[in-house]
Amino acid sequence: MTKSLHYRACHLCEAICGLAIETEVQPDGSMQIRSIKGDARDSFSRGHICPKAVALQDIQNDPDRIRQPMRRIGEQWQAIGWEEAFELVAERLSTIQTAHGQNAVAVYQGNPSVHNYGLMTHSNYFLGQLKTRNRFSATSVDQLPHHLTSHLMYGHGLLIPIPDIDHTDFMLILGGNPLASNGSIMTVPDVEKRLKAIQARGGKLVVIDPRRSETAAIADQHLFVRPGSDAALLLALLNTLFEEGLTRDSHLPVEGLEQVREAIAGFDAEAMSARCGVPAETIRQLARDFAAADKAVCYGRMGVSTQAFGTLCQWLVQIINLVTGNLDRAGGVLCTTPAVDLVASTSGGHFSRWQSRVSGLPEYGGELPVSALAEEMLSPGEGQIRALVTVAGNPVLSTPNGRQLEQALDGLEFMLSVDFYINETTRYADLILPPTAPLEHDHYDTTFNVFAVRNVTRFNEAVLAKPDGALHDWEIFVGLAKAFAARNGLELKPTLAPEQMIDMGLRFGPHGDSSERKLSLAALREHPHGLDLGPLQPNLAARLKTPSKAVQAAPELLLADLARFAEQQQPAAHELLLIGRRHVRSNNSWMHNYHRLVKGKPRHQLLMNPADLARRGLSDGQRVQVRSRVGSIEVEVAASDEVMAGVVSLPHGWGHARPGVQMDIARAQPGASANDLTDERQLDALSGNAVLNGVPVEVVAA
Ligand SMILES: Nc1nc2c(c(=O)[nH]1)N[C@H]1C(S)=C(S)[C@@H](COP(=O)(O)OP(=O)(O)OC[C@H]3O[C@@H](n4cnc5c(=O)[nH]c(N)nc54)[C@H](O)[C@@H]3O)O[C@H]1N2
Ligand SMILES: Nc1nc2c(c(=O)[nH]1)N[C@H]1C(S)=C(S)[C@@H](COP(=O)(O)OP(=O)(O)OC[C@H]3O[C@@H](n4cnc5c(=O)[nH]c(N)nc54)[C@H](O)[C@@H]3O)O[C@H]1N2
Ligand code: SF4
Ligand SMILES: [Mo]
């Protein structure tokens, strides 16, 4: 039987590890995966792998994964043909838009949309034709504050400085747990080794987190911070840097720094200490340690963007790096020079050109905050959403107040999902169009090379043949675009296959035709282990896209947000605040249907500090009810001094015991959904990003 070895990047998370996958042709001619290992020859990941990559074979073989278009008639699902499916979508969406206007059709794009390059290149080919302002995505339950900050300060939402983890002496992490998440907006395979290398060369790792996370556990210093109060801590750090003369000049053109100094003058460590729960002297010492390090990085991620002052936090992170001379400096934070350069080839974005109909939340880059999705469906009136297209997303489990969204989805006139599972969200669809599985399509990472800690590039062929009658995501969008254009008499520009677009992107990019390397698709095909394009280099001065070509240190919107911060209500004594957590065997909501990832004891308990349990007369292992303004769930509680008093921690993406979900393994160990508790009205009011961390809850015996 013929065996063969394939090299392929894993695109399940942001780390893009290189894999070595062995396949074997079976007697019946089919190809089976024999093994999945880390590719030791990968220029970037050097053999690193996590358990999710091994589960790629389970995705491939999962009997629950749907493989042909499915139409729902009542409670029943019926297989239908592709052409019939495309016609149905074109007819239903056109009819609804003709009767109720273009905004009556909404779009939600989930997380794998940025991991799967065919979705990056082609989803807009169809979705753009809908011309709806009701576009939503997972961005606003995640990293919107990063984009808005970069848009305002550097002129482009993707121009995000990345920690130079391999060369720094001091890494300060707030609200990130890369040991579980494998790094985010910091593509860094093998992050544990790289963090430990900082310590081995005499540097320091400091983690700020309401939970002693896996990353905090290996840090030199871990500080508990009250959920949602990082802006206070960051303001105090910045204030100390200014007050104690610990700043360094930047080589960059900067405008507005004096205004920043004045604006934050009142927020000193002594005043901020009560708000964040960290002693003033500890904050001051941290500022001194950070400034004393030759090369230092301040990095704030998911836990600080999904809170009430998420954008203020991300701005303060940038300013701290700037005033200590670490912005655009080796060992500090640096922007990439990716082979396919989305910063150079796209415009810088726009903010608040229009607002959502009901709550007036601002758009960013053409998308509205997803916390407004359900109310836009449920509130009658002109412009009400009556149809939805979801692409690679599961908003019922991923966005605040999932129960309200379920109610809204139930009332839609039509829903299309492009997805390969019948899950908590797609069970409401009238039609599900399933793309090929991960190993059946080729891959180039257009997104995460932009956020990588080294300049790297790779293209990989599909490992397995495309099954007869299957379509790739991009081909589904071409089919939808053609059917919709034909029905509406629209002219459709011809398109290229994703790989041809990548070839063009590479040739026009900074390492392309006009450079010494002359990268092209053909060149990359000869390097299946990826090509290393060298360490990140200072480049921000040349890459800035602000009109003045200077860093804008003091965007008006952010200075104004300081006033909102000053008035923030403080949590009541003994109030419990809910935060999330991730586990290396889990991936948002959709990888719980693989035995190898969920076996063993459940990992979705509510963690609670023993003092909080005792105060409520609760005990370890008991079933409890957790209530918030919007709903309640039942879960098992686990005593843990990992979480600080006043904080409970629950992972998101669980809650699979809903009727109609067709994922047998996930249903057998369903857990409860954290987003049945999170509140669509709790927002970072500046950006509209959801608050997922720091949600007030009560916990009582079930
Ligand atoms: N409480 C709480 N909520 C959270 C978070 C949290 O920390 N706490 N995290 C938030 C974050 S950071 C994110 S990014 C969101 C994620 O939120 P979503 O993106 O809405 O949810 P996912 O769980 O990633 O769902 C991915 C879906 O895509 C499908 N899929 C997988 N691969 C492909 C593919 O190649 N093509 C297509 N067409 N479909 C595919 C899967 O079957 C699944 O249905 O959740 C957010 N929600
Ligand atoms: N294994 C695994 N890997 C993943 C994912 C997954 O679901 N599973 N999801 C992927 C996605 S979509 C993303 S966006 C990334 C996210 O990657 P990260 O940003 O690293 O996210 P988390 O691992 O959730 O870590 C967030 C940390 O913030 C802490 N935190 C919560 N509230 C606060 C607060 O108020 N202040 C501070 N300082 N800390 C707080 C939490 O305790 C937690 O330790 O991970 C990606 N990688
Ligand atoms: S860390 Fe795991 S899931 Fe992420 S890219 Fe690497 S192998 Fe894949
Ligand atoms: Mo995310």
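Please treat every number below as a calculation from the coordinates, not as lab data. Computed from a predicted structure; not experimentally measured. Every residue, glycine among them, receives a Cβ derived from its backbone with ideal geometry; neighbour counts consider all protein chains shown.
Ranking 632, 622, 688 by Cα position along the charge dipole of the range 578-702, where only Lys, Arg, Asp and Glu carry charges on their C-beta atoms, puts 622 farthest toward the positive end. The range 77-109 and the range 140-175 have Cα centres lying 37 Å from one another. Charge dipole of the range 571-701 (Cα centre as origin; +1 on each Lys and Arg Cβ, -1 on each Asp and Glu Cβ, all else neutral): 480 debye, rounded to the nearest 20. Sequentially through the range 636-649, phi angles give Karplus couplings (6.51, -1.76, 1.60; θ = phi - 60°) of 8, 9, 10, 5, 7, 7, 4, 9, 6, 4, x, 10, 10, 10 Hz, Gly and Pro residues having no value and appearing as x. Applying the criteria of a DSSP loop state and at most 10 other Cβ atoms within 10 Å to the GluC sites (Glu not before Pro) of the range 361-464 yields 382. For a straight C-alpha distance cut-off of 20 angstrom, the lysines reachable from residue 466 (same-chain residues fewer than eight places away being disregarded) are 3.
A simple count of charges around residue 356, restricted to other residues whose Cβ falls under 10 Å of its Cβ and scoring Lys, Arg +1 and Asp, Glu -1, yields -1. Distance from the Cα centroid of the range 456-497 to that of the range 549-612 is 36 Å (rounded to whole angstrom). Annotation for residue 84 and residue 102: the two label points, set 7 Å from Cα along the Cα-Cβ direction, are 3.2 nm apart. Counted residue by residue at 0.36 nm each, then reduced by the alpha carbon distance between them, the extension gain from residue 289 to residue 518 reaches 78.1 nm. Per the Kirkwood formula applied to alpha carbons, the chain shows a radius of gyration over Rh ratio, Rg over Rh, of 0.95.
Secondary structure note: in the range 571-701, about 75% of the DSSP beta bridges are antiparallel. Looking at the chain, the DSSP beta bridges with both ends there are about 55 percent antiparallel. Computed from phi, the 3J(HN,Hα) profile of the range 156-163 under the Karplus parametrisation 6.51, -1.76, 1.60 (θ = phi - 60°) reads 8, x, 9, 7, 9, x, 10, x Hz, with x in place of Gly and Pro. Shape annotation for the range 571-701: C-alpha extents along the principal axes are 42, 39, 27 Å, from largest to smallest. What separates the Cα centres of the range 309-353 and the range 379-406 is a distance of 31 Å. For the charge dipole of the range 196-306, defined by +1 on Lys and Arg C-beta atoms and -1 on Asp and Glu C-beta atoms about the Cα centroid, which residue among 250, 205, 290 has the Cα displaced farthest towards the positive pole? With unit charges placed on the Cβ atoms, the residue in question is 205.
One equal scatterer on each Cα of the range 1-61, no solvent, Debye formula: the resulting log10 I(q)/I(0) at q = 0.28 Å⁻¹ is -1.15. Over the residues of the chain, the helix contribution to mean residue ellipticity at 222 nm works out to -8500 deg cm²/dmol, using -39500 (n - 2.57) for each DSSP H run of at least 4. Taking Rh as the Kirkwood radius computed over C-alpha pairs, what is the Stokes-Einstein D of the range 628-669 at 4 °C in a medium of viscosity 1.567 mPa s, expressed in µm² per second? Estimated diffusion coefficient is 100 µm²/s.
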